[in-house]
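The block underneath contains the structure these notes are about, expressed in structure tokens.
Just so it is clear, none of the values below were taken in a lab; they were calculated from the coordinates. As the structure is a prediction and not an experimental result, all values here were calculated from the model. Methodologically, a virtual Cβ is constructed for each residue, glycine included, from the backbone with ideal geometry; neighbour enumeration extends over all protein chains shown.
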Amino acid sequence: MHCLLDSARGIYLPHDFAVMVDGIDWGLDPDDIATLKEGPDSEYYWEAWDSVLSSAKFIDAIGRVYFLYLGESGDLFAATIEELGDLEDEFFDESYRGTER
């Protein structure tokens, strides 16, 4: 797993993620990214963050697929399904079963 952002960012973690990444590379809705960039005062900030957490998927240069994982401590990680291990069922519904990993 790769720690992208730590929990010290508090309610600005989603904003900082949106500023840090290219939403297209993660397959994210541009409206969600724009909402997150507005910051936590935006009316739909937390809804956009939920959408990002549930839909983000990044494929690296050698074909590994990464998803976002918000750890218990609030740190944000990028992890492959293999790295998540037993946590896979907690984060991925049936729509991910049988997809290319």
I need the phi-derived Karplus couplings for the stretch 37-49: 6.51 cos²θ - 1.76 cosθ + 1.60, θ = phi - 60°, integer Hz, Gly and Pro marked x. 5, 5, x, x, 7, 5, 4, 10, 3, 6, 5, 5, 5
Once amide H atoms are built 1.01 Å from N in the peptide plane, which residues 5 or more positions from residue 4, or in another chain, come under 5 Å H to H? 76, 77, 78
Against the empirical 2.2 N^0.38 Å scaling, what ratio does the C-alpha Rg of the stretch 2-96 come to? 1.04
Kindly write out, for the stretch 66-79 in residue order, the coupling ³J(HN,Hα) from the Karplus curve 6.51 cos²θ - 1.76 cosθ + 1.60 (θ = phi - 60°), rounded to whole Hz, with x marking Gly and Pro. 10, 10, 8, 9, 8, x, 4, 7, x, 6, 9, 10, 9, 9
Placed amide H near residue 66: partners under 5 Å, 5+ positions off or other chain: 58, 59, 60
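Which of 20, 1 has the fewest other C-beta atoms within 10 Å, and how do the rest follow up to the most?
Values: 20 10, 1 13.
In increasing order of surrounding Cβ atoms, one gets 20, 1.
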Amide H contacts of residue 44 (H built 1.01 Å from N, under 5 Å, at least 5 apart or other chain): none
For residue 1 paired with residue 41, estimate the spin-label separation in nm (one decimal), with each label point 7 Å from Cα along the Cα-to-Cβ line. 3.3
